[in-house]
Amino acid sequence: MAKILVTGANGQLGKEFQVLATTAPGHQFLFANRAILDITQAAAVSRLFKEQALDYCINCAAYTAVDKAESEPALAKAINEDAARNLAEACAAHAVRLIHFSSDYVYHNGLSRPLREDDPTEPKGVYAQTKLAGDEAVLSAHDATMVLRTSWVYSSFGHNFVKTMLRLGKEKDELRVVDDQIGSPTYARSLADACLRLIATDQLGGLPRELWHGVYHYSNEGQCSWHGLASKALQLASVPCTVRPIPTAGYPTPARRPPYSVLDKSRFREAFRFPIPHWEDDLKRMLALL
C-alpha cells in the first residue's frame, strides 16, 4: 500500500484526486489544504514529512491567477517556486517520489508545431516565470521528481474556463471569445487518473527510477481555440448562445497568453503507454457530471 500526500487538496485537480481516491483502495491518501499544511513554510513541510511515512507526494498547489500574478509577484513566487522547492527538498530527505504540475505557459516561444519538453522556454509573465522557476527548483532539489506540464485545465469543480462559459452562455445571448490562441484542453480527472496509473505501475515495479526525473507533457489529445472550446461546451450542454470569434487584441489582459501551446505528448506515451482521451470525449464526460 502506498501512502500519498496530495497538496492543494481544495483546488479543482486536488478534488479530482479525492474522487479517484475512493476507487483506489490500495492506497492511503493524505489530502492537505493550506489549513492543514502551508507549503510556503519549510519548517511545517519538514515536520509533516517526519511525522508521516510517505511514499509519494503529488503537488496540486499552485498560484494560477494568471493576470492577478502581475500585481502579486511575491505571492506567485512564494507558492509556485519557493513552496514547490520546500516540498522537493522534503521529498529528497525522506526518499519520497514527487509529481509536480506545470504549465504550457512556460514556453511562449513562437513555435507553431506541438511543443516538446526540450523546446526553448520563454515565459512572458509573472505566472509563467514563477512556474518555470518552480520546475527548475524541484528538478534541482530532488532526483525523483516528475514534472507534468499540462494546459487549459478544467473540471466540474472550482472555477475554470468551461464552467465560466456555461454560466455566461445561460445569462447572455452572445459571447465573444478569442479564436487565435490554440492549445489542448485537459480534463483534470484524466490528469489525476494518469498520475494514479503511474503510481500503480511504479508500485508493481514497472517504472525504472530514471523515468521519475524529468519533464513530461500531459493534456488531452487534439487541439482547438478558446472559441472552439467554448462553442463545443455550449453545444454539448444545449445552451442556445451564439459564440463570436474575436482576436486576442480584442480582449486585452494584463498577462500575455501564448498564441500556440499545443503540447507534444510523445515522451509520455512512449514512457508510460497509457491511453490519452481526446478533448471532446473528456468534455462530454465532464459535462455529464454537471
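Please treat every number below as a calculation from the coordinates, not as lab data. If you're wondering where the values come from, they're calculated on a predicted model, not measured in any experiment. Every residue, glycine as well, gets a Cβ built from its backbone with ideal geometry; the counts of neighbours run over all protein chains shown.
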Listed by chain and number, the residues whose amide H is under 5 Å from that of residue 176, excluding neighbours fewer than 5 places away on the same chain and using placed H, are 244
Computed on Cα atoms, Rg of segment 134-280 relative to 2.2 N^0.38 Å comes out at 1.21
Non-local residues with an amide H under 5 Å from the amide H of residue 262, with H modelled 1.01 Å from N and Pro and chain starts lacking one, are 115
Scoring only Lys, Arg, Asp and Glu (+1, +1, -1, -1) among other residues with Cβ under 14 Å from the Cβ of residue 75 yields -2
Among (i) 20.3, 59; (ii) 18.6, 56; (iii) 22.8, 73, the entry matching Rg and Dmax of the Cα atoms in Å as calculated here is (ii)
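Would you work out the relative contact order for segment 79-182, in percent, from Cα pairs under 8 angstrom that are 6 or more residues apart? Intermediate values should be presented prior to the final figure.
Values: 111 pairs, mean separation 33.7, N = 104.
Rounded, it is 32 percent for segment 79-182.
Of 100, 142, 27, how do they rank once you tally other Cβ atoms within 10 Å and put the fewest first?
With the fewest neighbours first, 100, 142, 27 line up as 27, 142, 100.
Quote the FRET efficiency, to the nearest 0.05, computed for residue 180 versus residue 20 with a Förster distance R0 of 30 Å and r equal to the Cβ-Cβ distance. Present the calculation step by step, with values, prior to reporting the outcome.
On the way: r = 35 Å, r/R0 = 1.17.
Efficiency at R0 = 30 Å is approximately 0.30.
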The value for segment 126-167 (convex hull of the alpha-carbon atoms, volume per residue, Å³) is 94 Å³
Per the Cα gyration tensor, segment 20-147 corresponds to an equivalent ellipsoid with semi-axes, largest first in Å, of 27, 17, 14
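Mean shadow of segment 98-191, computed from the convex hull of its alpha carbons, in nm²? Show your work: numbers first, answer last.
On the way: hull surface 30.7 nm².
Mean projected area of the Cα convex hull: 7.7 nm².
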Checked against a 32 Å limit on the C-alpha separation, the offending pairs among 3/232; 68/172; 124/265 are 3/232
In whole µm²/s, the translational diffusion coefficient that Stokes-Einstein assigns to segment 15-76, given a Kirkwood hydrodynamic radius over C-alpha pairs, 20 °C and 1.002 mPa s, equals 154 µm²/s
